[in-house]
Amino acid sequence: MKNLTKSGLLAALAVGAFLMPSCKKDAKTNSNLNQPSPQTSNARPQKIQSLDGNLLASWPLIYGTSPGGYGTGQSTEDAGPNNHVLSFGPYITGATDRYGNANAAVYIPVTGTYPDGFSTTSYYPNDLRLSGTDFTLNIWIKLDSYNTGNDSRIMDKRYPATDGWYFSVSGDTFSAGHGHLLFSNCSSTAYSTGTVSLNTWHMVSTVYLYSANEILFYIDGVLSGTTTGIASPSSTSNSNVHFGFDQLATPNNAAFIGAMDDARIYSVAFNAADLGVLYNAPNPTGLLAYWSLDNNADDLSGNHFFGTPYNTLAVGDRFGNANSAYNFNGTSSYITAPDLAAFGNLRLNNTDFTLNAWVKVPTLGSAMQIMAKRSSTAGGWGWSITTSGYDFFGPGGGMTSSTGTTAITAGSWHMVTVTYQYSTGLLTHYVDGVAAGSYSGVFPTPTSVTNGLVIGRDDLGPNYFFNGNLDDIRIYNKALTSTEINTIKNTQF
């Protein structure tokens, strides 16, 4: 570990560590710097190797009142590639998710008013008919009670009554008994062998193998029955996807009473290992910002730090998924994100924090910025890669800064991380989940600045443009443990 105070400034210059330009030095301005890059909406919150390309829809189902005039904060957007936006019913409220995060899930009550759930808004989403294909339906549910009259409808896409499909939990009137998962193609129905208990979060999954006409059920990632002879759903169902109710039934006849979270539909049959990735996903608590950079700079944390990319190019990520990372050209590429104190402390002042990003550089030899949020050579903070490949954190400008002890290699993807404990002043570097040195003394908290955050360059100058690929950039308001860091790395989130 290199502790860069005033006495270490010359050594930093020797290795090309990230040092901020003088306030008197004017950098050349590129005429293309203010041209935003084209973006696609709805970035994916998870990347699961080859399965990621088969994601049809992903709804985070976050609920909460957002400060700063951003409305209710309900996450109705589809985080998949096909823009299947949801419309929440007027009685939907927030629920605590499986990790204990308030308003990070949605609750469907019984009001006596029809409907009580929510639906997609796109006109008859044909790709969600699930006809002639393998598929996987996956969602987290917490059921308050079993339906006494019928089933508790989780997802429903059927119209007319004989066309389409639905996914439910059986109620008291079913011969199989209550609590079983069921899937129907509107002519045949399959049931799980196990049951879903009440008042507990469960991840429930229906998997369909088209070639075998076979349904497989999973509860919490564990196989819970198979049924053959179930034909593929109809290809002519003219309906949106509905959650929490049967669109063709009388009010509350198939009402789901309870909470839902993280709903996904894939056009591929998951196996137990694939479902295990979803089931063991890390707790997102403390997440301030998450830019997945899947051909846009949307913030998937729910905190509204939406970025604007300039002169970036969508490229393949570390799993080979097309358009799932951004290339920065080293001369004019960058992303800006706002300072929104009401949503979270990106200033990193007087708080624990973690910075985490995937980086890939073609060559070393130039200092390049990953992120910066600075107002002067001594104000704020910056995180960069030195000419020798070490990650560097600090305000620069001769102020106290820190460099890791493990260098990244050119031509390969690496996950770099910095954690900070405010109470002790302990700042630690990681490369690929392995600790790469800690600052030897008490590292000072960054000064509070109101400037926006910049990804891919230092905003003073501008200077230190990043040359290479960036992906999955996260900021937390806590110091992640080594175990949590490796969970992020190894579960491919």
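The values are calculated or read from the model by the stated rules, or taken from the named source; none is laboratory data. No experiment lies behind these values; they were computed from the predicted model shown. All Cβ positions, glycine included, derive from the backbone under ideal geometry; neighbour counts span all protein chains shown.
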*Tally time: how many residues in the stretch 358-379 are among the aliphatic types (A, V, I, L, M), under 19 Å from P462 (Cα atoms) and outside any strand (DSSP E or B)?*
2
*Say whether the condition of being in contact with a strand residue (DSSP E or B) (Cβ under 8 Å, 6 or more places away or on another chain) and either within 14 Å of P446 (Cα to Cα) or of a type in the set (K, R) (or both) is met by at least one residue in the stretch 332-341.*
no
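Can you pull out the residues in the stretch 103-116 that are part of a loop (DSSP other than H, G, I, E, B) and at pLDDT 80 or above?
To start, the set of residues in the stretch 103-116 that are part of a loop (DSSP other than H, G, I, E, B) comprises 103-104, 109-116.
Selection gives N103, A104, P109.
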*Find the residue count for the stretch 157-202, including only residues that are over 28 Å from the mean Cα position of the chain (by Cα), closer than 18 Å to F256 by Cβ, of a type in the set (S, T, N, Q) and not in a loop (DSSP other than H, G, I, E, B).*
4
*If you take the residues of the stretch 292-340 that are part of a loop (DSSP other than H, G, I, E, B) and hydroxyl-bearing (S, T, Y), which of them is farthest from Y464 (Cα to Cα)?*
S301
*For the stretch 402-425, state whether one or more residues are modelled with pLDDT under 95, under 26 Å from the mean Cα position of the chain (by Cα), of a type in the set (S, T, N, Q) and in the same structural domain as L480 (by TED's automatic domain parsing).*
no
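Taking the stated definitions as given, is L470 among the aliphatic types (A, V, I, L, M), surrounded by 23 or more Cβ atoms within 10 Å (Cβ to Cβ) and in contact with a strand residue (DSSP E or B) (Cβ under 7 Å, 6 or more places away or on another chain)?
Numbers: among the aliphatic types (A, V, I, L, M): yes; surrounded by 23 or more Cβ atoms within 10 Å (Cβ to Cβ): yes; in contact with a strand residue (DSSP E or B) (Cβ under 7 Å, 6 or more places away or on another chain): yes.
Yes, satisfied.
Suppose we filter the stretch 458-493 for residues that are part of a loop (DSSP other than H, G, I, E, B), at negative phi and touching a residue at least 40 places away in the same chain (Cβ under 8 Å); how many remain?
Taking the stretch 458-493 as the starting set, the residues that turn out to be part of a loop (DSSP other than H, G, I, E, B) are 459-462, 464-466, 477-481, 491-493.
This time we only want the ones that are at negative phi, so: 459-460, 462, 465-466, 477-481, 491, 493.
Narrowing further to those that are touching a residue at least 40 places away in the same chain (Cβ under 8 Å): 459-460, 462, 465-466, 477-480, 491, 493.
Residues flagged as part of a loop (DSSP other than H, G, I, E, B), at negative phi and touching a residue at least 40 places away in the same chain (Cβ under 8 Å) within the stretch 458-493 amount to 11.
Listed residues N280, N321; which is surrounded by fewer than 17 Cβ atoms within 10 Å (Cβ to Cβ) and among the polar types (S, T, N, Q)? Give the steps one after another, and end with the answer.
On the way: N321 fails: surrounded by fewer than 17 Cβ atoms within 10 Å (Cβ to Cβ).
Just a single option satisfies the conditions, and that option is N280.
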*Pairs where the first residue, in the stretch 212-227, is under 14 Å from A190 (Cα atoms) and the second is modelled with pLDDT under 95 and aliphatic (A, V, I, L, M), C-beta under 6 Å, 6+ apart*: Y218/L275
